[in-house]
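Okay, so here's the structure we're looking at.
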Amino acid sequence: MISVEEATELIQSHLYQPKIVVKDLNQSSGHYLAEDIRADRDFPPFNRVAMDGIAIKAALFEAGRREFTIEGIQYAGAECLILKDPTACMEVMTGAMLPMGTDSVIRFEDIEIKDGKATITIDQLKQHQNVHGRATDAAKGDLLIEKNTLITTAEIGVLATVGKSRIEVYEMPKVAIVSTGDELVKVSEQPKEYQIRRSNSHVLKGALSDMKVLGNIYHIADNEENMRHELSGILESYDVLILTGGVSKGKKDFVPAILDDLAVEKLFHRVAQKPGKPFWFGKNNTTTVFALPGNPVSTYLCFNKYIKPWFKSSMGAVPKPLSAILDRDITFKAPLTYFAQVKLTYRLGHLIAEPVLGKGSGDLANLLQADGFLELPPAETEFKKGSSYELILYRSI
């Protein structure tokens, strides 16, 4: 049995090597960039009017002038006009080019217009007021988005702005999700009293889908010969195999032995943690295999603690550590890393973790009451209120 730290290190040292593919802009959200994105021109590309109003030369205002003849209108999307009379003004619209011969904008709320003349009603004006200066956001060639960045709606806007209609991204691996167990029936079936519906595989598929990873679901009954045959075919067809169930010490927990028979190298089996102790990890030349305990909370914990960060790291992203502060004491005496389910709140700018008492790793419904897991180290047995520990967040708060 290895520690959580050792398990994490082993998993992170065997990352997937993704291919680079090209996606249309509107299909790129949720993928990771495989190229740097640079400004194709200055941003903004001209001195941009930031408020509807009039544009003047600020020096005239400073000299005491308050009334200006309106010479014309500068609309957004129109070529830049030139102020012919330097003592006049130009009406301007938000987003328009600042007319040549002007340097400042006074909003309509601060002027009165009558008979083609604008009278300024405020007493103070700063040069370049209400003007978004050329290249103040970025200059042509500046790095805007680094490679390995997750594309969200914010990145979509920048990609569109720089004219990237097609983007190089990392291709996510093909993933098979395999549940095992004779007690499991389809979601659409009415289970007998000794059966339960398959939930883990659908939880994993949904979690993968959130990362734009396609996961295909399979179920294999607890028959050793059939399991060996089906897993052999799956290993040949997928980059990643996530199993749930069949890795403990029961008489029908065939998965570790079958993986060994199929030449999948075991990198570890059993981690000093609760829940999820029977976790198995290994790989062959083509496929990375995560074999998770079948208990629902164990499956969910192992996915969020190990597999999700593995996917992100494989795309070149650096997972950001989170922490939260306990709001009550916890005692846990086993020499294991304990992942406590917690409900989270914000208090004075800090994440506060309230332990949620469950009924063991089979208590799937208990996950609904919590927002994440707090990682409590094995070197301690008393975890005091006010102490901060690493947080594995699985729900937005």
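Points worth noting:
- Among the residues of the stretch 207-227, just one is closer than 17 Å to W280 by Cβ and either at pLDDT 95 or above or part of a loop (DSSP other than H, G, I, E, B) (or both), namely D222.
- Of the set (1) outside the structural domain of L125 (by TED's automatic domain parsing); (2) surrounded by 18 or more Cβ atoms within 10 Å (Cβ to Cβ); (3) not in a helix (DSSP H, G or I), all apply to I11 but (3).
- Conditions (1) free of Cβ contacts under 8 Å to residues at least 24 places away in the same chain; (2) not in a helix (DSSP H, G or I): number failed by L243: (1)
- Cβ-Cβ under 8 Å pairs, at least 6 apart or on other chains, the stretch 348-373 side closer than 15 Å to K274 by Cβ and part of a helix (DSSP H, G or I), far side modelled with pLDDT of 85 or more and of a type in the set (A, V, I, L, M): N366/V297; N366/V356
- Residues (loosely packed, with under 15 Cβ neighbours inside 10 Å and in a strand (DSSP E or B)) located in the stretch 136-157: L143
- Among the residues of the stretch 158-206, those that are surrounded by 12 or more Cβ atoms within 10 Å (Cβ to Cβ), under 32 Å from the mean Cα position of the chain (by Cα) and in a loop (DSSP other than H, G, I, E, B) comprise V162, K164, E171, M172, P173, K174, R198, S199.
- From the options A58, A96, residue that is over 30 Å from P321 (Cα atoms), outside the structural domain of A291 (by TED's automatic domain parsing) and in contact with a His (Cβ under 9 Å, 6 or more places away or on another chain): A58
- For the stretch 181-206, filtered to residues that are hydrophobic (A, V, I, L, M, F, W, C) and at pLDDT below 90, the residue that is nearest to Q27 (Cα to Cα) is V187.
- Scope the stretch 52-103; condition in a strand (DSSP E or B), surrounded by 18 or more Cβ atoms within 10 Å (Cβ to Cβ) and in contact with a strand residue (DSSP E or B) (Cβ under 6 Å, 6 or more places away or on another chain); matching residues: G53, I54, A55, I56, F68, E71, Q74, C89, M90, E91, V92
- Subset of the stretch 132-150 that is aliphatic (A, V, I, L, M) and touching a strand residue (DSSP E or B) at 6+ places or on another chain (Cβ under 6 Å) - its residue that is farthest from T94 (Cα to Cα): L150
The values are calculated or read from the model by the stated rules, or taken from the named source; none is laboratory data. As the structure is a computational prediction, the values presented were derived from the model and not from experiment. Cβ sites come from the backbone with ideal geometry, for glycine too, and all protein chains shown count toward neighbours.
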